[in-house]
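*Asks:* The structure under discussion is supplied below as structure tokens; questions concerning it will follow.
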Amino acid sequence: MELTLENLITEDAVKGLLFYIYDVTDRRQALDELSRQQRSDSLTGLANRYLLLDRIAVGLESNDQPDSSVSLLKFDVDRFGMFNDALGQQVGDEMLREIARRLRTLARRLRSLQGVEVTVARLSSDEFALLLVSKQSKLGPAELVEELRQLLVQPFNLAGTDHAVTVCIGAAVAESGATAEDMARDASAAMHFAKSTGANQVSYFNRRVREAAIERLETQSDLIRAIDRDELVLHFQPAYDTRTGLLESTEALVRWNHPERGLLGPGFFVPDAESSNRIVELGQWVIDHAAQTAVAWKFDDPAAPRKMWVNVSALQLQSTTFAQDLADSLRSAGLAPTSFGIEVTESVLLVSDPQISKTLDDIHGIGCSIALDDFGTGYSSLTYLQRYNVDAIKIDQSFVAGLTSDEDDASIVVAVNSLGRSLNLSVIAEGVETSGQLDALISMGCTLVSGFGLCRPIPEDELAPLLHVPLQARRVEIDLTEQRSVIQ
């Protein structure tokens, strides 16, 4: 209730006090609900970023006391986008709510320990945080990481099927004089460092992590100018036809000739290009120069590779102008679309975006080929091969690596090759390193092969002399390399 008073003693008609009594229950509840919404996540009910920062700040006020510590863990779900796209947003949301339920269970158990305060938060799509303010307990970040991993090790039942879920975790411990923003930044840097090393990884913030974060920022900044400065170059990975022994196609792979750090492979900068939305511009540069190179080869030598392949990402295919830009680039270079192809990974086809489907249809419509890269490592199916008019599949090198030592890998290669032939698809076996692998692939009927054992990705000027070097000669190179390895 709310009481207000109005003094009307001087009013002749009243000569007294007037009291107003209001029932403000609904208003108070509305204000409380508004405050809660501003400080909590609507999907899971966990604290949001703003409340987390407040709790960190409160915890830091007592951090200078003996035996006290403040630890912050940030983590996100590995391949969450794949789950979301393959199973649907509703199932993805249910996964996030289940993670929240498990986090609450962990928080209740930790709060039962003396001197421990815990806050769990959802910060963005699949990013969560766990804050531990320990005033007496010896529970630290390492123990907290283990608690979190045990929490998530049980399978998640999604759409009636159990799925293993892993996360990348970044941990930070408050240093003297740290602010809430400092801790949040450090935990984020550690999490991104963990993600850069693979799935299901943990990283604790330290000087190395800070340097990596600074380097990543510098890379993104330098990448903006790399194209204008003509610092990008293409290297080419040849693929050979085992029937003719001739070089059949090449895959264009971008490299960055960094003025200070030397020649950088795509793993050092392509992820940064994607996160900073530079991948479309970078990808267009690759297409333009790959097409121009293919035309130059065909002009100089009739034995030039029949097809040029380039890798494209989901972000590129989500562009409404990608197919037209590709057609314009080929037309400008004077290259027939049938001599050009794009490679996509299986994860790209799992993205439930109608624009990607339309772009792939348009690419096929202009005459370019589509190859499915790293085939067999994800959620491949006949549906994807047929729906997207795939022309070629590339057997992942992990299966080729175990070809002569693992019966399962050999069976997979045989099955994929048979599938490709039955669907009239080109099949390229990647990652050939040894003569044993090459012989096995030939005996299985694989007609197209590539790998470092045959030829590493090389610059344009080094590839020209190889146009008339048959596969058998490359086989001799493999044998000599293996002999030298045995002697050493």
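*Asks:* Might you let me know whether region 184-193 holds any residue that is modelled with pLDDT of 90 or more, outside any helix (DSSP H, G or I) and within 23 Å of the chain's Cα centre (by Cα)?
*Replies:* No, there is no match, as no residue in region 184-193 is modelled with pLDDT of 90 or more, outside any helix (DSSP H, G or I) and within 23 Å of the chain's Cα centre (by Cα).
*Asks:* Among the residues of region 196-210, is there at least one that is assigned to a strand (DSSP E or B), in contact (Cβ under 8 Å) with a residue 24 or more places away in the chain and closer than 30 Å to K307 by Cβ?
*Replies:* no
*Asks:* Follow-up. If we only count strands (runs of 3 or more DSSP E) wholly inside region 363-465, which ones have 3 or more residues that are of a type outside the set (G, A, S), surrounded by 15 or more Cβ atoms within 10 Å (Cβ to Cβ) and assigned by TED's automatic domain parsing to the domain that holds R255?
*Replies:* 369-375, 392-395
*Asks:* Quick check on my filter: what residues within region 237-267 are touching a strand residue (DSSP E or B) at 6+ places or on another chain (Cβ under 9 Å) and closer than 12 Å to A226 by Cβ?
*Replies:* V254, R255, W256, N257, H258, L264
*Asks:* Identify, please: which residue in region 289-329 is more than 31 Å from the chain's Cα centre (by Cα) and of a type in the set (F, W, Y) and is, among those, farthest from W256 (Cα to Cα)?
*Replies:* The selected residue is F299.
*Asks:* Counting only residues that are touching a His at 6+ places or on another chain (Cβ under 8 Å), at negative phi and without any contact (Cβ under 8 Å) to a residue 60 or more places away in the chain, give me the strands (runs of 3 or more DSSP E) lying completely in region 244-330 with at least 1 of them.
*Replies:* The strands (runs of 3 or more DSSP E) meeting that bar are 247-258, 262-264.
*Asks:* Any residue that is among the aliphatic types (A, V, I, L, M) and either modelled with pLDDT of 90 or more or not assigned by TED's automatic domain parsing to the domain that holds A296 (or both) - is there at least one of those in region 342-355?
*Replies:* yes
*Asks:* Still on this structure, I have one more. Restricting to region 304-328, give me the number of residues that are surrounded by 19 or more Cβ atoms within 10 Å (Cβ to Cβ), small (G, A, S) and within 17 Å of H289 (Cβ to Cβ).
*Replies:* Count: 1.
*Asks:* What number goes with the only condition from (1) in a helix (DSSP H, G or I); (2) within 25 Å of R108 (Cα to Cα); (3) of a type in the set (A, V, I, L, M, F, W, C); (4) out of contact with any Cys (no Cβ under 7 Å at 6 or more places or on another chain) that V165 does not pass?
*Replies:* Every listed condition holds for V165 apart from (1).
*Asks:* Same structure, new question: When both residues are 6+ apart or on different chains and their Cβ atoms are under 7 Å apart, which pairs have a first residue that lies in region 149-175 and is without any contact (Cβ under 8 Å) to a residue 40 or more places away in the chain and more than 24 Å from S203 (Cβ to Cβ), and a second that is acidic (D, E) and exposed (fewer than 12 other Cβ atoms within 10 Å of the Cβ)?
*Replies:* Qualifying pairs under 7 Å: P155/D162.
*Asks:* Suppose we keep only residues that are over 28 Å from A464 (Cβ atoms) and among the charged types (D, E, K, R) within region 329-359. Which one would you say is surrounded by the most Cβ atoms within 10 Å (Cβ to Cβ)?
*Replies:* By that ranking, first place goes to E346.
*Asks:* Among the listed residues V202, V233, which satisfies the condition of being under 29 Å from L60 (Cα atoms), of a type in the set (A, V, I, L, M, F, W, C) and touching a strand residue (DSSP E or B) at 6+ places or on another chain (Cβ under 7 Å)?
*Replies:* Only one candidate qualifies: V202.
*Asks:* Can you confirm whether region 270-288 contains a residue that is more than 17 Å from R225 (Cα to Cα), more than 20 Å from the chain's Cα centre (by Cα) and in the same structural domain as C455 (by TED's automatic domain parsing)?
*Replies:* Yes, there is a match, as at least one residue in region 270-288 is more than 17 Å from R225 (Cα to Cα), more than 20 Å from the chain's Cα centre (by Cα) and in the same structural domain as C455 (by TED's automatic domain parsing).
*Asks:* Is it the case, given these coordinates, that R149 is surrounded by fewer than 21 Cβ atoms within 10 Å (Cβ to Cβ), part of a helix (DSSP H, G or I) and more than 25 Å from the chain's Cα centre (by Cα)?
*Replies:* In short, no.
The values are calculated or read from the model by the stated rules, or taken from the named source; none is laboratory data. In this text the structure is predicted, and so the values were computed from the model without any measurement. All Cβ positions, even for glycine, are placed from backbone atoms using ideal geometry, and neighbour counts span all protein chains on display.
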